[in-house]
Amino acid sequence: MTKPRILVTRAVFSEVLDHLGEYFEVQSNQADEIWSKAQLVERLHGKLGALTTGSERIDTELLAASPMLQICANMAVGFNNFDLDAMTELGVLGTNTPDVLTQTTADFGFALLLAAARRVTEGEHYLRAGEWRRWRYDMFAGAEVHGSTLGILGMGRIGQAIARRGAMGFEMQVIYHNRSRLAPDVEAHSCARYVGKEELLRSADHLVLVLPYSQQSHHAIGAAELAMMKSTATLVNIARGGIVDDLALADALGHGRLAAAGLDVFEGEPTVHPELLALKNVVLTPHIASATIPTRKAMAMLAAENLIGFLLLGQPVSPLNPQVLGSPQQVQRKGRATGTPAG
Ligand code: DGY
């Protein structure tokens with residue numbers, strides 16, 4: 001029996017390809033070329049599923065040009081590269097990789113917070129440049145982390161994991177704001193107190209952003225919000241570029257209206273605004289919050305399990321639009337793939 005054909009859009013661990021190869025005929029991209037949309041559509045021809053990453057935009061145009069495609073399994077918890085409404089309308093399932101990266105990403109949020117607040121990279125650059133000649137009482141004196149107030153904007157799994165680190169590891173008072181308040185037991189487990197957005201901005205000594213990107217969260221932190229923050233505060237963005245107005249942030253950091261920032265994601269990444277690159281009081285990393293080998297393997301394996309579960313058994317592990325399962329549009333796509341006209 002011929003195996004269903006799938007596409008893996010970017011380079012991935014070889015054991016993940018081997019695992020997929022047990023069930024599918026796999027076209028991979030181990031050279032890790034960045035394909036144009038036309039190249040991606042060409043490679044999706046005849047494919048029933050795709051293992052995608054945040055780099056590929058999955059929209060109406062692509063889906064309409066790929067009539068046999070039934071699932072895009074994103075190797076990321078974020079899925080702002082998916083037009084999920086279009087996917088649902090056209091009968092294509094989207095899946096993501098929740099849970100497996102929660103703790104690793106929370107660790108990194110804290111790494112950025114500590115590095116920015118305690119001026120770790122600034123001190124390192126100074127040392128490496130050979131400028132360290134003597135001790136001084138206020139040399140690279142930063143902000144206190146333990147015992148301070150930690151603010152979290154977006155209180156999903158990663159926000160909650162960061163809250164617990166702050167409360168239990170650093171004896172911080174943790175406050176959060178979210179679209180909806182957590183259930184009392186979840187709130188208690190997170191050791192966090194719900195506040196309005198303005199109180200969060202005004203009270204936090206360190207503010208970590210962990211909310212998903214959407215039209216509603218675009219520039220959730222802009223000039224007006226930055227103006228409400230303490231001038232001694234640290235801002236950390238491990239969520240998505242576009243949630244922060246990067247130019248307004250650079251202006252606040254450059255003029256001493258905000259002490260420091262740690263950024264793992266950027267508007268228009270991998271390009272970073274030169275205004276941010278020029279500043280010393282910002283720690284910049286290339287979207288690596290979930291990047292440990294065990295976590296990235298777990299993410300890739302979960303994406304693979306979504307492809308296997310859905311295409312072979314009709315049971316994806318972590319569907320984003322489960323209403324697609326069994327929908328007429330999806331049945332039609334299946335029919336095209338098997339050569340059995342639907343209905
Ligand atoms: C995610 O999982 O969304 C991370 O940002 C990695 O892309």
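The values are calculated or read from the model by the stated rules, or taken from the named source; none is laboratory data. Since the structure is predicted, the reported quantities are computational estimates derived from the model, not experimental observations. Every residue, glycine among them, receives a Cβ derived from its backbone with ideal geometry; neighbour counts consider all protein chains shown. Each accessible area value is taken on the protein alone, full model and side chains, heavy atoms only, with ligands, DNA and RNA left out. Shrake-Rupley method; radii C 1.70, N 1.55, O 1.52, S 1.80 Å.
Out of the residues in the stretch 212-247 that are over 22 Å from the mean Cα position of the chain (by Cα) and either within 16 Å of the ligand (Cβ to nearest atom) or among the polar types (S, T, N, Q) (or both), which is least open to solvent (accessible area, probe 1.4 Å)?
My answer is Ser231.
Look at the stretch 248-270 and say how many of its residues are away from the ligand (no atom under 16 Å from the Cβ) and either closer than 11 Å to Thr232 by Cα or among the aliphatic types (A, V, I, L, M) (or both).
Going through the stretch 248-270 one residue at a time, the tally reaches 11.
Which numbered condition in (1) outside any loop (DSSP other than H, G, I, E, B); (2) more than 16 Å from the ligand (Cβ to nearest atom); (3) within 30 Å of Gly169 (Cα to Cα) is the only one that Phe140 fails?
If we test Phe140 against (1) outside any loop (DSSP other than H, G, I, E, B); (2) more than 16 Å from the ligand (Cβ to nearest atom); (3) within 30 Å of Gly169 (Cα to Cα), just (1) comes out false.
Hey, can you tell me all the residues within the stretch 83-97 that are farther than 20 Å from Lys334 by Cβ and either within 9 Å of the ligand (Cβ to nearest atom) or touching an Asp or Glu at 6+ places or on another chain (Cβ under 9 Å) (or both)?
Asp83, Asn96, Thr97
State all residues of the stretch 199-222 that are in a helix (DSSP H, G or I) and touching a Leu at 6+ places or on another chain (Cβ under 9 Å); if no residue qualifies, say none.
Leu200, Leu201
Can you tell me which residues in the stretch 278-318 are open to solvent by 20 Å² or more (accessible area, probe 1.4 Å), of a type in the set (A, V, I, L, M, F, W, C), closer than 30 Å to Leu112 by Cα and outside any loop (DSSP other than H, G, I, E, B)?
Leu284, Ile293, Ala298, Met301, Leu302
If the requirement is being under 27 Å from Gly326 (Cβ atoms), open to solvent by less than 50 Å² (accessible area, probe 1.4 Å), touching a residue at least 12 places away in the same chain (Cβ under 8 Å) and in a loop (DSSP other than H, G, I, E, B), which of these qualifies: Gly94, Gly46?
Selected residue: Gly46, the only one of Gly94, Gly46 that is under 27 Å from Gly326 (Cβ atoms), open to solvent by less than 50 Å² (accessible area, probe 1.4 Å), touching a residue at least 12 places away in the same chain (Cβ under 8 Å) and in a loop (DSSP other than H, G, I, E, B).
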